[in-house]
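Peer 1: Shown below is the structure under consideration.
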Amino acid sequence: MKVLTKRKYDELLEICELNVDKFVKEILCAEKASHFILPDEFVDYTPNNVFKLIEIAEFKIPVETSQSVKEEADRYNARILYKILHEISPFLANDPMLWTSIILLNDSFREYTVQRWGLKKEDTIEENRSSQAVMRRIFYEGSGTNTKRNSAARLWWTCELAYSKTDGFKFVDHLFSNNDLTIGLIERNWATNREYIRTILVVTFYLKMDTQSTRDMFKKMSATLSVKVVELLGYIDFLRILEEIGYILDNKDEIIEELHRFDEDPTISRSNKIELLNWDGEYICTFEQSIELIKRGELTSRGFRFNNIEFVPSKIATGDYCCLGDFGDKLIVDL
Amino acid sequence: MFPYPLISIDYNEDTSYIDDLELIETDEEICLLSKSGIKRDQLPSELKVLYAKGDIGLGIRAVSPMSYFEIFSNINLDSEFEFRLSKENLSTSVHIDVVLYTKKNTNIQFRNIDVNIFGDLPDVDVPEKSFLGSIVDYKYWLYQERQRSIASVIKLNMEANYYGYELDSDKIHVFIPKNEVEKHEEIKENGDVIFGLYVFPVLVQAMAKVIDARRKINGDNEYNQYKWFDYLDMKIATLGLTESDPITACRELLEPNNVQNSIIAQLYESSH
């Protein structure tokens, strides 16, 4: 994938700081990244083939301004981004160059960002277009968790904190559907404890908490946790604290079962064959399977090729790939 | 909540719990080690008793909020310890401390505490896993971050109509009056003079904000969300800059002179 040089990053940041209208018009709303960036202003960062998928990935652009359409785009794009970059280290996931490059250099992601946060002059309120507001969405500046408002980093970190192999994106979707929950979880110190995050996700999911109850819960939890060594606390401790501060957990057993399911790691088959099932004419290749094939195959303009079979983005399964054709009920690919 | 602040304030003031703490950073990891460990003799008497009974414990924790990473490891008094952290899990810095905590519901009798200013304190029942105090506490910045030039957090605007500065963003913005500079050849051609006249005073103002925040107990202020603040805070901590006055601190930060010259060159390069 392509990553901006430090000099270019600083130059763009300065334009945004000093003249946000110019930045939005000439950079964010440019049709192609090549209109504002020259070939010597980025470098290749490609530890393996999988990273190159970022360049050809097509992200969803919310065409309406309704919150539900925006959230749907968040969910779709989070899947694509996390599936491609799920292996990066937390150190790399705090690299400003990575996130700003994805936003600015992938044309569809840039357009998603503009539409998602209403950054075009004609369709937004002034507050959203202040230089600080635009900077927060595009760049990865600051020294705390406020950096997670970056349009791309926000999606990846939400998945990193809420995705599990057993539940998939169930709780990621739950987070994207409640902005107060996302901010309350991601922008507070306790979020370094992953069991805390999981407890809050599961409890708010089962109790179907609304915005006001979510805010109240964070307030009460903070008061209690501020005198604890939170690093020592686990699921059961957090549930007990919730009960102590007045939450009635009728379905506690179900919640505990759900919490422990997070820890299970379903055994990944190490077979040297991959079975692709026919689903409405698409032989679906899950992202995990795709990664195995991409490592052994080659990238194409829309996807990848393995053993002379073309794989393209699936229209049925978000973020997965598929091959088209008629191979019966299933296609078996030898690795 | 009553007892905790008293304990943490009192115990944090003592710096003699450990005397051979060593921190080694390699390309892959950070290793914190001590041969002698945390000294039992230095603990207040009531805590020594509780420790011996197994009511309270001691552990090292490392937290990197930017990476949502934390790790906790129990240690024993007067015992060697070694604590390793993979740098892959960290961002640019990590907060490390040694904490005292209650292992179970514990009754703490404050009558042994050497703090007379609070008068007679009652016994207090403290729930398990409660924070009692932090006895070694510091923030560690990774090597690459420590080596970063101050030019990375200062931005010069050479086209301004007036002299001024702004501190409410990630970089310190210095506005240099173009007309003034161009009027005087000796200023225009001399980076040292521009730095001394316009940049240094702003740096002193910024340094003063950081020093002021470090004097406060919780250290929070309106600027601590910005990168320049974090940078100066890191420099004070890692270089041991004088905290009694910001001018001296800035002078020490810019010594030796060749450092200042390279900063000027970098600032100029990024301003044109």
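Peer 1: How about the stretch B:155-205: which chymotrypsin sites (Phe, Trp or Tyr not before Pro) there lie in a loop by DSSP and see at most 12 other Cβ atoms within 10 Å?
Peer 2: Passing sites in the stretch B:155-205 are B:TYR162.
Peer 1: Which of A:GLU64, B:GLU46 has the fewest other C-beta atoms within 10 Å, and how do the rest follow up to the most?
Peer 2: A:GLU64, B:GLU46
Peer 1: The stretch A:164-234 to the stretch A:266-335: how many Å between their Cα centroids?
Peer 2: Here the answer is 36 Å between Cα centres.
Peer 1: Here is a further query. Arrange the following residues from fewest to most other Cβ atoms within 10 Å of their Cβ: A:GLU282, A:GLU288, A:GLU195.
Peer 2: Fewest-to-most Cβ neighbours within 10 Å comes out as A:GLU288, A:GLU195, A:GLU282.
Peer 1: With labels modelled as points extended 7 Å from the Cα through the Cβ direction, what inter-label distance (nm, one decimal) is found for B:ASP168 paired with A:GLU31?
Peer 2: 4.0
Peer 1: Can you pull the mean other chain C-beta count within 10 Å for peptide A:299-310?
Peer 2: If you average over the peptide's residues, the count of other-chain Cβ atoms is 0.
Peer 1: Contour minus end-to-end for A:ASP210 and A:LYS315, with contour as 0.36 nm per residue of separation and end-to-end as the Cα-Cα distance?
Peer 2: Extra length available between A:ASP210 and A:LYS315 comes to 34.5 nm.
Peer 1: So, one more: Consider a paramagnetic label point 7 Å from the Cα of B:ASN105 along Cα→Cβ; state which residues of the stretch A:220-241 have an amide N under 15 Å from it.
Peer 2: Zone members listed by number: A:240-241.
Peer 1: Just want the answer: with Cβ charges of +1 for Lys and Arg and -1 for Asp and Glu, which residue in B:ALA52, B:LEU77, B:MET66 is farthest toward the dipole's positive end in the stretch B:16-84?
Peer 2: Value computed over the given set: B:ALA52.
Peer 1: Between B:VAL204 and A:ASP334, how high is the FRET efficiency from 1/(1 + (r/R0)^6) when r is the Cβ-Cβ distance and R₀ = 56 Å? Nearest 0.05.
Peer 2: Details: r = 69 Å, r/R0 = 1.24.
My answer for the efficiency is 0.20.
Peer 1: Average partner chain C-beta neighbours within 10 Å, per residue of A:85-93?
Peer 2: If you average over the peptide's residues, the count of other-chain Cβ atoms is 4.
Peer 1: Taking other Cβ within 10 Å of each residue's Cβ, how do A:LEU85, A:LEU155 sort, fewest first?
Peer 2: A:LEU85, A:LEU155
Peer 1: Can you pick out the pairs among A:LYS219/B:LYS155; A:LYS120/A:LYS219; A:LYS60/A:LYS120; A:LYS70/A:LYS165 whose Cα atoms lie more than 28 Å from each other? Before the final figure, lay out each step's value.
Peer 2: Working: A:LYS219/B:LYS155 39 Å; A:LYS120/A:LYS219 35 Å; A:LYS60/A:LYS120 17 Å; A:LYS70/A:LYS165 25 Å.
Table pairs above 28 Å Cα-Cα are A:LYS219/B:LYS155; A:LYS120/A:LYS219.
Peer 1: Which whole number gives the average count of other chain Cβ atoms within 10 Å of the Cβ atoms across peptide A:222-231?
Peer 2: Mean shielding count: 6.
Peer 1: Which FRET efficiency value, to the nearest 0.05, is calculated for B:ASP212 and B:LYS48 with the Förster distance at 45 angstrom and r the Cβ-Cβ distance?
Peer 2: 0.75
Peer 1: Quick check on the protein assembly as shown: helices-only [θ] at 222 nm, where DSSP H runs of length 4 and up contribute -39,500 (n - 2.57) each and the sum goes over total residues. Nearest 500, please.
Peer 2: -11500 deg cm²/dmol
Peer 1: With the Cα gyration tensor of the stretch A:163-261 giving a ≥ b ≥ c as the square roots of its eigenvalues, does the rule (a/c under 1.5 for rounded; else a/b larger than b/c for prolate; else oblate) give rounded, prolate or oblate?
Peer 2: Rounded, since a/c falls under 1.5.
Any read-out appearing in this document is the output of simple, stated calculations on the displayed coordinates, not a laboratory observation. If you're wondering where the values come from, they're calculated on a predicted model, not measured in any experiment. A quick note on method: Cβ atoms are made from the backbone with ideal geometry, for glycine too, and the neighbour counts reach across all protein chains shown.
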